[in-house]
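What follows draws every value from the coordinates through simple rules; no lab data is involved. Keep in mind that this is a model prediction, so the values were computed, not measured. Note that we place each Cβ from the backbone using ideal geometry, even for glycine, and neighbour counts take in every protein chain shown.
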Amino acid sequence: MAPTQGPRAPLEFGGPLGAAALLLLLPATMFHLLLAARSGPARLLGPPAYLPGLEALWSPRALLLWLAWLGLQAALYLLPARKVAEGQELKDESRLRYPINGFQALVLTALLVGLGMSAGLPLGALPEMLLPLAFVATLTAFIFSLFLYMKAQVAPVSALAPGGNSGNPIYDFFLGRELNPRICFFDFKYFCELRPGLIGWEAILTTMDITHDGFGFMLAFGDIAWVPFTYSLQAQFLLHHPQPLGLPMASVICLINAIGYYIFRGANSQKNTFRKNPSDPRVAGLETISTATGRKLLVSGWWGMVRHPNYLGDLIMALAWSLPCGVSHLLPYFYLLYFTALLVHREARDERQCLQKYGLAWQEYCRRVPYRIMPYIY
Ligand code: NDP
């Protein structure tokens with residue numbers, strides 16, 4: 001019998017029906033974008049130019065390549081790390097330990113790819129393999145999420161996430177039941193968040209993904225399929241629809257990206273440093289609000305500007321990543337549009353959770369920092 005926990009968290013994403021719809025809609029959207037980017041009209045809205053048959057989706061070579069990539073990243077993850085960080089305190093008051101070796105993995109991966117290319121590895125064939133690669137990534141996400149769902153059946157109650165344990169199998173499969181599923185020291189969520197799709201994000205241990213959300217289809221599909229195949233949409237678009245870009249415009253775009261990165265990095269690092277050690281000299285001088293839980297909330301610095309300054313920085317970068325595609329098509333702006341919707345929704349989820357956690361102190365924070373993401377606008 002599945003373990004149960006105390007009072008159930010309110011359902012999110014439209015409950016079981018919403019979760020069932022997203023299970024179909026997310027992969028369908030990803031394939032639509034992949035097909036649209038390579039088609040002549042490159043239309044974001046409207047039906048795809050053609051529907052690929054199974055022979056265009058299934059390729060044993062793509063499966064081998066995908067497994068080799070996952071295997072390589074898993075092996076690099078297991079290499080001894082120079083630094084091991086502690087996560088946030090869990091329900092049972094323990095803390096998990098995480099190897100910090102993403103940069104090492106990135107450098108070694110780049111070296112191996114470089115060596116492979118000099119030995120004749122045909123990397124130029126990759127764009128042609130995107131569809132079958134996306135297909136095996138999607139299959140992997142479904143199978144892996146099933147494994148995670150089953151694994152959670154035998155997990156102790158203290159290991160379950162606040163959401164994702166409604167008792168409805170579709171909803172729980174989607175949202176994720178166990179907070180930090182692991183086998184020995186191998187942390188599946190941390191690995192998937194940081195390795196196959198995005199390498200090098202190191203202030204992640206205090207983010208919602210790690211501290212709040214269970215590990216199920218939502219994050220597994222996001223990490224191993226959605227992020228690599230849709231976040232690279234602009235590059236896919238440019239490959240098939242090259243656009244002119246002069247030096248002045250390129251410089252402006254680089255500047256926009258630098259501003260976004262400065263805000264994104266500054267805000268995430270500030271909160272991460274503060275959560276790890278509030279007496280750290282880099283954050284000790286910042287103004288805070290005390291909460292009944294004993295934790296404090298930053299109310300000056302980046303977190304005094306808006307309630308989610310890190311989202312603002314991320315959105316500015318999203319704009320910079322779409323601008324090189326020009327303004328002739330809407331498709332390359334999908335990332336910006338989708339990401340705005342995602343972060344507005346995510347911000348509302350986080351607000352609810354923080355209000356539940358911190359009560360009056362959160363209300364006081366909202367009073368002192370009235371804007372959510374964009375100063376004077378939202
Ligand atoms: P955050 O890193 O913003 O974490 C939210 C948590 O921070 C809250 O639950 C609360 O947790 C803590 N917090 C909130 N306000 C304060 C404050 N004033 N002082 C101290 N702590 C505070 O959440 P996310 O995980 O959503 O985002 C992390 C990064 O990931 C962002 O930069 C976001 O843009 C990016 N992101 C990117 C995605 C993508 O697809 N590219 C998807 C999602 C996120 P507690 O108090 O318990 O510590």
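Using the 10 angstrom Cβ neighbour count as an exposure proxy, how do Cys366, Cys184, Cys254, Cys325 rank, fewest first?
Values: Cys366 15, Cys184 5, Cys254 11, Cys325 22.
Least to most surrounded, the residues fall as Cys184, Cys254, Cys366, Cys325.
Counting only pairs 8 or more places apart or on different chains, how many lysine pairs in the chain have C-alpha atoms closer than 18 Å?
9
Report ³J(HN,Hα) in whole Hz for each residue of the range 203-208, in order, from the Karplus equation J = 6.51 cos²θ - 1.76 cosθ + 1.60 where θ = phi - 60°; Gly and Pro get x.
Calculated HN-Hα couplings, in order: 9, 8, 5, 10, 8, 4 Hz.
For the range 171-266, what does the equivalent ellipsoid look like in terms of its semi-axes, each the square root of 5 times an eigenvalue of the Cα gyration tensor, given largest first in whole Å? Show your work: numbers first, answer last.
Numbers: eigenvalues 215, 60, 23 Å².
For the range 171-266, the semi-axes come out at 33, 17, 11 Å.
At what distance in nm do the modelled label points of Cys184 and Met129 sit from each other, each positioned 7 Å from its Cα along Cα→Cβ?
Roughly 2.9 nm, to one decimal.
Using +1 on the beta carbon of Lys and Arg, -1 on that of Asp and Glu, and nothing else charged, what's the dipole of the chain about the Cα centre, debye to 20?
Details: 29 positive and 22 negative charges, 109 e Å.
Here the size comes out at about 520 debye.
Using modelled backbone amide H atoms (1.01 Å from N, in-plane), which distant-in-sequence or interchain residues come within less than 5 Å of Ala85's amide H?
Distant-sequence amide H within range of Ala85: Tyr98, Ile100.
How large is ³J(HN,Hα), in whole Hz, for each residue of the range 236-249 in order, when computed from phi with the Karplus curve 6.51 cos²θ - 1.76 cosθ + 1.60 and θ = phi - 60°, using x for Gly and Pro?
4, 4, 5, 4, 9, 9, x, 10, x, 8, x, 4, x, 5
Amide H neighbours of Thr288 under 5 Å, counting only residues 5+ apart in sequence or on other chains, H built in-plane at 1.01 Å?
Val299
Where the centroid of each part is defined by its Cα atoms, how far is the range 269-339 from the range 118-149 in Å?
About 31 Å separates the Cα centre of the range 269-339 from the one of the range 118-149.
For the chain, treating each Cα as an identical point scatterer without solvent, what Debye log10 I(q)/I(0) comes out at q = 0.09 1/Å?
-0.58
Check which residues have an amide H placed less than 5 Å from Leu160's amide H, if you skip close sequence neighbours.
Residues meeting the criterion, in which the H sits 1.01 Å from N, are Leu179.
Any idea how far apart Leu115 and Ala21 come out in nm if each label point goes 7 Å out from Cα toward Cβ?
Placing both labels 7 Å along Cα→Cβ, they lie 5.0 nm apart.
Once phi is turned into θ = phi - 60°, what whole-Hz ³J(HN,Hα) does the Karplus curve with 6.51, -1.76 and 1.60 give for every residue of the range 263-274, x standing for Gly and Pro?
5, 4, 5, x, 5, 5, 5, 4, 5, 4, 4, 5
Normalising by the residue count of the chain, find the relative contact order in percent from Cα pairs under 8 Å and 6+ residues apart.
18
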